[in-house]
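Peer 1: Can you keep this structure in mind? I'll have questions shortly.
The values are calculated or read from the model by the stated rules, or taken from the named source; none is laboratory data. Just so it is clear, the structure is predicted and the values come from calculations on it, not from any experiment. When we count neighbours, we look across all protein chains shown, and the Cβ atoms used for this are built from the backbone with ideal geometry, even at glycine. Surface accessibility is based on the protein's heavy atoms, side chains included, excluding ligands, DNA and RNA. Shrake-Rupley method; radii C 1.70, N 1.55, O 1.52, S 1.80 Å.
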Amino acid sequence: MPKNKKRNTPHRGGSAGGGGSGAAAATAATAGGQHRNVQPFSDEDASIETMSHCSGYSDPSSFAEDGPEVLDEEGTQEDLEYKLKGLIDLTLDKSAKTRQAALEGIKNALASKMLYEFILERRMTLTDSIERCLKKGKSDEQRAAAALASVLCIQLGPGIESEEILKTLGPILKKIICDGSASIQARQTCATCFGVCCFIATDDITELYSTLECFENIFTKSYLKEKDTTVICSTPNTVLHISSLLAWTLLLTICPINEVKKKLEMHFHKLPSLLSCDDVNMRIAAGESLALLFELARGIESDFFYEDMESLTQVLRALATDGNKHRAKVDKRKQRSVFRDVLRAVEERDFPTETIKFGPERMYIDCWVKKHTYDTFKEVLGSGMQYHLQSNEFLRNVFELGPPVMLDAATLKTMKISRFERHLYNSAAFKARTKARSKCRDKRADVGEFFYIFRT
């Protein structure tokens, strides 16, 4: 049936339309308290009333599933801004799920496309909505609001606008992080996003020190106490401690030298105790933070000397070659890979350079500070990180990439890979890996057969 005729047909049953969170938001109540059947959202049926009930806006992944490519292909700038206006209105909806879906939809759009002018005009409205959701929302809504706050600051970059956002939302984020009765997941997300917002927008050095102290009060609770055994047992709060440690490490990279020296003296001898935690993510976070601290210390004093170097390298070497059978293979592989690099950084002052490709450009990650900064922003932006590296002046300044490279439409079109071509490429790569594994297994089988014949 053609779309223009099917659009007004009454919605039947609950199986049509998107699933998951989209199905829940598709039956939201109307202003008069009555429930009514509606059709899923399409570009032809873009009224604000319809958007408040459509499954497409309830499922944030449907908004920017493939990043800026889909946004460019399926809608003009005006269409995108019109949809975003509708989502901003939905952040005031009575339904918590609708508000959460709206926050996630806006966040995904901002992570996938630069919309500086649009956001600049509506930053106060968005800030008020985020503040309301952080104060009155539950765990998932608070997480969505905190994530949107960080992406909002990334879009605006350092300046008065971001400073105003931080001054409004910073105390609320800090309160949630320190609130023992709040959801651990919400506190964890707020810690990461608060660290990013402070990294971008903090203009007051005392506020920066206060934020560092806030994070220290959290992750130091995981430090090995004198009465404890040699192993730190993970708790439900461990994920919060990890996020707080990583946020603290990020902010330490922008501190004055005198403050960095103080923090090094405070934590250099206690931080290694986190390497004995039974949570692999805590061990990895502690190892990478240690490597970064060594890099900062040697940047301040080239002849920096660490007293417990021998015992520390023994622990790092054990983690880099860990073969304990009670640990998962994936965890062991990930841990060994990270700690080989950490050990090289501590012993040899070496860093394995990584290359990040985005569009026609390349970025070389050649130190732990740059790696940690990149990992943090990638965690917030997800698949939109490459787009922001190309277009976001703030991120390009952070990574010393210079002004954005201007490309014409024809060049951009030739650079894009269609979904079908991407599928073919991945299929070919999978077949090549499978064939390589098969050959390797055949060689092992031949060797085993040879030794068996030789023995007999």
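Peer 1: In terms of the ratio Rg/(2.2 N^0.38 Å) built on C-alpha atoms, what value belongs to the range 360-399? Kindly include the intermediate steps, with their values, before the conclusion.
Peer 2: Values: Rg = 9.6 Å, N = 40, 2.2 N^0.38 = 8.9 Å.
Expressed relative to 2.2 N^0.38 Å, the Cα Rg reads 1.08.
Peer 1: Along the range 190-203, what does the Karplus equation 6.51 cos²θ - 1.76 cosθ + 1.60 (θ = phi - 60°) give for ³J(HN,Hα), rounded to whole Hz, x for Gly and Pro?
Peer 2: Each residue of the range 190-203 in turn: 4, 5, 4, 5, 5, x, 5, 4, 5, 4, 7, 10, 5, 10 Hz.
Peer 1: Which three semi-axes in whole Å describe the equivalent ellipsoid of the range 78-203, each the square root of 5 times a Cα gyration tensor eigenvalue, listed largest first? Walk me through the numbers before you get to the answer.
Peer 2: Numbers: eigenvalues 89, 66, 24 Å².
So the equivalent ellipsoid measures 21, 18, 11 Å along its semi-axes.
Peer 1: A further question follows. Non-local amide H neighbours of PHE358 (under 5 Å, H modeled in plane, Pro and chain starts lacking H): which ones?
Peer 2: Amide H to amide H, under 5 Å and 5 or more residues apart or across chains, PHE358 pairs with MET363.
Peer 1: Let me ask something additional. Karplus couplings for the range 255-271 from phi (6.51 cos²θ - 1.76 cosθ + 1.60, θ = phi - 60°), rounded to Hz, Gly and Pro as x?
Peer 2: 7, x, 4, 4, 5, 4, 4, 4, 5, 5, 4, 6, 10, 4, 9, 9, 4
Peer 1: What part of the accessible area of the range 78-203, given as a whole %, is carbon or sulfur when the probe is 1.4 angstrom? Walk me through the intermediate numbers first.
Peer 2: Working: 2340 of 4900 Å².
Using a 1.4 Å probe with all protein chains present, the range 78-203 comes out at 48 percent carbon and sulfur.
Peer 1: Whole Å is fine, so just give me how far the alpha carbon centre of the range 78-133 lies from that of the range 190-268.
Peer 2: 31 Å
Peer 1: Then there's this: Rounded to whole Hz and in sequence order, give me ³J(HN,Hα) for the range 320-325 from the Karplus expression 6.51 cos²θ - 1.76 cosθ + 1.60, θ = phi - 60°, writing x for Gly and Pro.
Peer 2: 6, 10, 4, x, 4, 6
Peer 1: From zero outward in steps of 5 Å, how is the percent of C-alpha pairs of the range 207-337 spread across the bins?
Peer 2: The distribution over the range 207-337 is 2, 9, 21, 22, 21, 15, 7, 3, 1, 0, given as percents.
Peer 1: Then there's this: When the accessible area of the range 360-399 is computed with all protein chains present and a 1.4 Å probe, what percentage of it is carbon and sulfur? The partial results should precede the final answer.
Peer 2: Values: 690 of 1640 Å².
About 42 percent, which is the carbon plus sulfur part of the accessible surface.
Peer 1: For the range 290-404, what class follows from the C-alpha gyration tensor (a ≥ b ≥ c being the square roots of its eigenvalues): rounded when a/c is under 1.5, otherwise prolate if a/b is larger than b/c, else oblate?
Peer 2: Numbers: a/c = 3.01, a/b = 1.50, b/c = 2.01.
It comes out oblate by the Cα gyration axes.
Peer 1: Shifting gears a bit: Could you list the GluC sites (Glu not before Pro) in the range 228-330 that lie in coil according to DSSP, counting only those with at most 12 other Cβ atoms within 10 Å of their Cβ? Let's see the in-between values first.
Peer 2: Numbers: sites: GLU259, GLU265, GLU288, GLU295, GLU301, GLU307, GLU310; in loops: GLU301, GLU307.
For GluC sites (Glu not before Pro) across the range 228-330 that sit outside H, G, I, E and B with at most 12 neighbouring Cβ atoms in 10 Å, the list reads GLU301, GLU307.
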